[in-house]
Structure formats: structure tokens, C-alpha cells
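Below is one structure, written out as C-alpha cells, with a few remarks after it.
The values are calculated or read from the model by the stated rules, or taken from the named source; none is laboratory data. It should be emphasised that the depicted structure is a prediction, and the values quoted were computed from it without experimental measurement. Glycine gets a Cβ as well: all are built from the backbone with ideal geometry, and neighbour counts include every protein chain shown.
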Amino acid sequence: MAIEVLKPGLATTVQDAGRPGYYNVGIPLSGALDQHSFRAANLLVGNDENAAVLECTMLGPELEFRRDAIVAVAGAEMAPKLNGQLMPLYESFAVPKGARLSFGYLKGGARAYLAVAGGIDVPVILGSRSTYGLGAFGGFKGRKLQAADVLPIGVPSGASRPGRRLPDELAVPLPKALELRVVTGMYFHRLTDESAGTFFEDTWSVAPEADRIGYRYKQGRSLAFRERVQPFGAGSDPSNIVDAGYPYGSIQVPGGLEPIILHRDAVSGGGYAMIGTVISADMDKIAQMQPHNKAKFVKVDLDAALAARADYGRLLQRVRATLA
Amino acid sequence: MNAGTARYSLGGDEHIFVELSEEMSLEAFFKGMAITTALAKRKVPGVTEICPANASYLVKFDPDVTHPNEMMKLLQQIERETGSMDQQLATRIIEIPAYYNDPWTHETLMRFRERHQDPNATDLEYSARVNGFASAQAFIDAHAGSPWFVSMVGFVAGLPFLFQMVEREQQIQTPKYLRPRTDTPKLTIGHGGCFGCVYSVRGAGGYQMYGITPAPIFDPEQKLPYFREFMCFFKPGDIVKYRKIDRAEYDRMSAQVEAGTFDLRIRPVVFSLSKFLADPAGYNRQLEEVLYGN
């Protein structure tokens, strides 16, 4: 009643909707970085949309199924292959017992979500099956998958069947250059006027250091913080503050050099000034960015952020309605 | 710090960040504890995270349930209501065994010497010098001499930030490494800026390294008695007193940890901010009596 991992892929982890409620002691939300695609994959196979899936990053795993299963892949353009034969994205299909599921090369995006009818049945820890790598718990033994791991699968609901499809317009788009909307605040005032401008003027490129903890961006002009006598306890660099909590999506610029946007495995706090926060509706887009993809930051106000959030919610509602 | 100096700011559409004071102080920390405790009691719909920090706090919530503007008004109202509260905290004081100048952090700091301000000294020697101590031993004695307040838990799971409970002129202050290390032994006792810390897991780090404790502080399997309630041991508001131990005691305690028989000395205490501020040294002696008395 399980799946055996033949090849683990680059960074394949078990993820679900996440583990809220423990950020105050440094345990982050975790969960699928691209929540839209994660939910779509689950709904395609008739799962509860919060069931645990495999998040496959850049290079997919190779798996052998020890029982018949219904699966679907959503998110990155990384086509599944059944015994070597190409299968569609955003469509559920049957995997017979003994068959091998692998993935083609990544053509767009960064993270594909493999949902299996019944869900990946690892233990629930603090309310979630998500992997938290830094804390080495959750998911499968608190870590990325390795060859020879055997993943337990839950009991499928009656709703799972092959051939369920999601129309293209309900999928997350995967452009190689995009805009990330930012609400400024917190320590934005610590930037010089010039840097407060160039941050939004420049085109930034995803650095190789981009993972579930945070995404680092480079190639924009470095940012200068206003000189000051540093407050007691803040540390000596002008980009330092008295260590504080970091919002998800918050942007910090250690030493003024490269902005880092924290994602769902965030370090919960630290001593670098946060100059703003990427809006909730754009966090899935970050999850699908590869190194060298381009982003421009666009300043928006709260009303625009909430309007974008409502649009995001409506798209997900359409996915639910289509696959109900 | 006066009432009304708090700065309210949006962290996108799902967070509100409140800076209570630009600089670190126990008063700011206490104010944050009072506000976040009051907020938690209200069970505001949509709130998913309430995170007190050193001199600030962070709230995460679902803006579809409670509008960010409403949330901000509520937090400002709570700040006004808690302004005149008696600053007392029912907490616990904990003895943490500390093996200073141990071989493991020493090996690590030697490996990353080129990332340090002073490649020719150890972290202890450097920190002693920049803080005006005559020797590394005198520095260790000061580090272990006064209690420390857990003013924030985070960065990674269960990691305590510790604020030294002495007058500001006596507080240890050190820069962080010029470039962060890629490795720090688990349970390293470190220091950066005005904050101490205990690294809960192995990993990257930029704080000066002084020693190591045999006592685990984060354990997802919750094996030792003091993890009964939760996998992270420390909570904001805990008071820590280090006790110097040698290699033999470190090894003995490590064997107890391995066997699952290790436990910590923990005593309940009510901390009064005004009494502490009136006489830090005298109040710390009373805290030690609570810890070591019956």
C-alpha cells in the first residue's frame, strides 16, 4: 500500500496546507510553496484539497507504485511519464500496480505537485504532514526524499477517477519574467531616497540561493540605508535592527546587497531591516521562479493587495467549482 | 520608553508589525509580552500567529476575516489598555549547564577564522578584549555570573534570544562574524550584538561562540521530561542562569541525555520589572535563591 522512491529528484518533500500557530517559537508555516497548484492537484484526484502531496523541485523523482493509484501533477511544466510514456499535466490518470512514474525535464516554473488519491499518509505533527527541514520533523522523517524510501498512501475517497482535467486558464501562469507586488513598511524608511526608488526601478534576477526558506535576488543596484547612530542592541551595520519577527513574504537586504524574500520555511526572526512585504496573492508566483528568472517589484497599497487577494481567492473558487 | 512610542506597520496584507522601541530594553520587551498576552486572550477571529520579540511583536491573520485596519485599531486599543499594567511576569528560572571553551565550538571557530574580526584570537579572547575584561576567564565569569532573560524565541525552532540582566554599561556587546559561518555545533552558546543565544539545531550562524550545553532545548521526539509539554523548551519570559561545568560533568550529563534520564533544574518565579530595575544585583541574588533554595 505504498510508493517506493527509486530516485529522489533534487528536493522532493511531503507538503500540505501548512502548520500555522507555532511561529512564535520559530517553527514556520511550511506547506506547499505554491498553494494554488497544490490544491488543484489534490482536487484533480478527488482528495480533500489539504491532503499531503509531493512537492517536486526542478528535477522530479522516479517512483514505483506498489498498488493501483490515481494521480495528477500540477504546477511547474515538468511532464509526468508513466513507464516512460508522456502523460498530461493538470489531468488525473491511473497508475497500475508495479508501474513507474517519472518526470520529464523542467520547461517552466520550479515546483510540480504530485497528488495521489488518498494522500501521502505520513504522521501528522502539530496539525500538519508538512516537512520542516531545519527542524528535521514532519513529512517523511523530517527530510527530503531519498532513494529506497517507502511512502505510505492513504485510502482514496470514492471521488477519484482518471480523466479529470483542469482548463489551462485555471492554472498558475509560469512566465520567465514577472512583477511582484510589494506593500512597503516596517523599516522601508531606513532606505535612502535613492535606494527607495531604485529598488522598484531595477530588474532583479533570482539567485541560485533560492529555496523554501527564502528567495535571494541579485543584479539590481545595491541599496543604501540611512546612516545613523545604531540603537542599542541593533548591531553595527546600518541594515541591522534589534532582532524582530519576520513576516512571510518580507524583504530583507543584508548589508544592502541582495534582497531576500522569506517563504513558508522562513526563519522566524532576525536582525535585518524588513523594507516591505510581497502581497499574499503573489507568493505562489515566487514558488514557481527558477534561478535567473526576472522580477520587478511593484509598490502597491493595502487596498490593491486585498483586491489581488480577492482575485486569487476567486480563481481558486473556480478550480473548486470545476472539479467539484 | 514612554507610552505612545509604538510604531504600527503593515507586513503585507496578512501581518501587522509593531515596533515598541527602536532600541532594546526590558521595558519594551515587557510591554510586548503584556500586549501579546492580552491579544491571545481575546481570541480574535482570523489571528493565526502572535509572536512577541525583543522590542517588537508580529501578528499574522486572515484579512478576509478581520480587516487589517480593524486589526491595527484593536492592537492600538490593547496597547492603551495595557499601558498602566503592573509589570510582573509569572515565569520560571532555569539552570543551564555551560561547558565554556569546549573542544567542539573551538574546532568550529578555528575552521572559520578568516570570517572573524580577529583571526588571531578565539571568540572568547576577542569578546573579553572588546568588552574590557582582563582575561577570557574573567569574561566567562561575567557571562555565567548574572541571569539572562529569554526575550524572543525563534530564527529556527526553539532558539532563545537572551538578554543579560545587568545594567546597560555592564552588558556584553559583540559584533557578529564578518561573514556568517556555514556551520555551528548544536547547543552552542553564542552572542551577537547585545543578545546571547543557544543554537537549538546545527547550522549556519554569525554569533560569537563561547561554549556548549549538554542539555537539548529542541526535540521533536520529546524524549526528556522537560519536553513533556512541547518540543521547544524555551518560552519568551523564561529566565536562564548558566552554571559552569567541566568536561567530566559534560560527559556525565551527555550520557544521561542519551539514557533519557537527564533533567533540568527549573523553579517557578514571579518577576517584577520595577524591583529588578531598582536594584539589579540585589534582585538577581534573590532570583538565585529561588533557583537554589528549597
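Those residues that are away from chain B (no Cβ under 13 Å) and either at pLDDT below 95 or in contact with a strand residue (DSSP E or B) (Cβ under 7 Å, 6 or more places away or on another chain) (or both), I need them from the range A:277-297; list them, please. Walk me through it before giving the result.
From the range A:277-297, those away from chain B (no Cβ under 13 Å) are A:284-285, A:287-296; that's our starting set.
Across the range A:277-297, the qualifying residues are A:K285, A:A287, A:Q288, A:M289, A:Q290, A:P291, A:H292, A:N293, A:K294, A:A295, A:K296.
With the condition kept exactly as written, say whether any residue in the range B:209-216 is more than 21 Å from B:H116 (Cβ to Cβ), among the hydroxyl-bearing types (S, T, Y) and at the interface with another protein chain (Cβ under 10 Å from one of its Cβ atoms). So far as the range B:209-216 goes, no, none of its residues is more than 21 Å from B:H116 (Cβ to Cβ), among the hydroxyl-bearing types (S, T, Y) and at the interface with another protein chain (Cβ under 10 Å from one of its Cβ atoms).
Taking the criterion of being part of a loop (DSSP other than H, G, I, E, B), more than 17 Å from the chain's Cα centre (by Cα) and not charged (D, E, K, R), would at least one residue in the range A:168-184 satisfy it?
No, that holds for no residue.
Number of residues in the range B:180-208 that are at the interface with chain A (Cβ under 10 Å from one of its Cβ atoms) and not small (G, A, S) equals 6. When B:Q87 is tested against (1) more than 8 Å from chain A (Cβ to nearest Cβ); (2) touching a helix residue (DSSP H, G or I) at 6+ places or on another chain (Cβ under 9 Å); (3) crowded, with 21+ Cβ neighbours inside 10 Å, only condition (3) is not met.
Within the range B:35-60, residues that are more than 9 Å from chain A (Cβ to nearest Cβ) have Cβ atoms under 6 Å from residues that are among the charged types (D, E, K, R) in these pairs: B:I35/B:E79; B:G46/B:D62, counting only partners at least 6 apart in sequence or on another chain.
Against the list (1) at the interface with chain B (Cβ under 10 Å from one of its Cβ atoms); (2) buried (at least 23 other Cβ atoms within 10 Å of the Cβ); (3) at pLDDT below 95, the condition A:V253 fails is (1).
Reported count of residues in the range A:9-26, each being aliphatic (A, V, I, L, M) and over 21 Å from A:Y113 (Cα atoms), is 1.
Here is a yes/no grid of residues against (1) touching a Pro at 6+ places or on another chain (Cβ under 8 Å); (2) in a strand (DSSP E or B); (3) free of Cβ contacts under 8 Å to residues at least 40 places away in the same chain; (4) not basic (K, R):
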| position | (1), (2), (3), (4) |
| --- | --- |
| B:R179 | no, no, no, no |
| B:T184 | no, no, no, yes |
| B:Y210 | no, yes, no, yes |
| B:P236 | yes, no, no, yes |
| B:M253 | yes, no, no, yes |
| B:E258 | no, no, yes, yes |
| B:I266 | no, yes, no, yes |
| B:V269 | no, yes, no, yes |
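Here B:S274 meets the list (1) surrounded by fewer than 17 Cβ atoms within 10 Å (Cβ to Cβ); (2) in contact with a strand residue (DSSP E or B) (Cβ under 8 Å, 6 or more places away or on another chain) almost entirely, failing just condition (2). Within the range B:157-177, the set of residues being closer than 22 Å to B:H116 by Cβ and either part of a loop (DSSP other than H, G, I, E, B) or at pLDDT below 95 (or both) comprises B:L159, B:Q171, B:I172, B:Q173, B:T174, B:P175, B:K176, B:Y177. Every condition in (1) surrounded by fewer than 24 Cβ atoms within 10 Å (Cβ to Cβ); (2) assigned to a helix (DSSP H, G or I); (3) not acidic (D, E) is met by B:S127 except one, and the failing one is (1). If you go through the range A:231-249 and pick out every residue that is within 20 Å of B:Y177 (Cβ to Cβ), facing another protein chain (nearest Cβ under 7 Å), of a type outside the set (A, V, I, L, M) and outside any loop (DSSP other than H, G, I, E, B), you end up with 1. With the checklist (1) more than 16 Å from A:D34 (Cα to Cα); (2) surrounded by fewer than 19 Cβ atoms within 10 Å (Cβ to Cβ) in hand, flag the one item A:V95 doesn't pass. Of (1) more than 16 Å from A:D34 (Cα to Cα); (2) surrounded by fewer than 19 Cβ atoms within 10 Å (Cβ to Cβ), only one is false for A:V95: (2).
I need the full set of residues from the range B:271-294 which are within 18 Å of B:S146 (Cα to Cα) and assigned to a loop (DSSP other than H, G, I, E, B), in order please. Matches in the range B:271-294: B:D279, B:G293.
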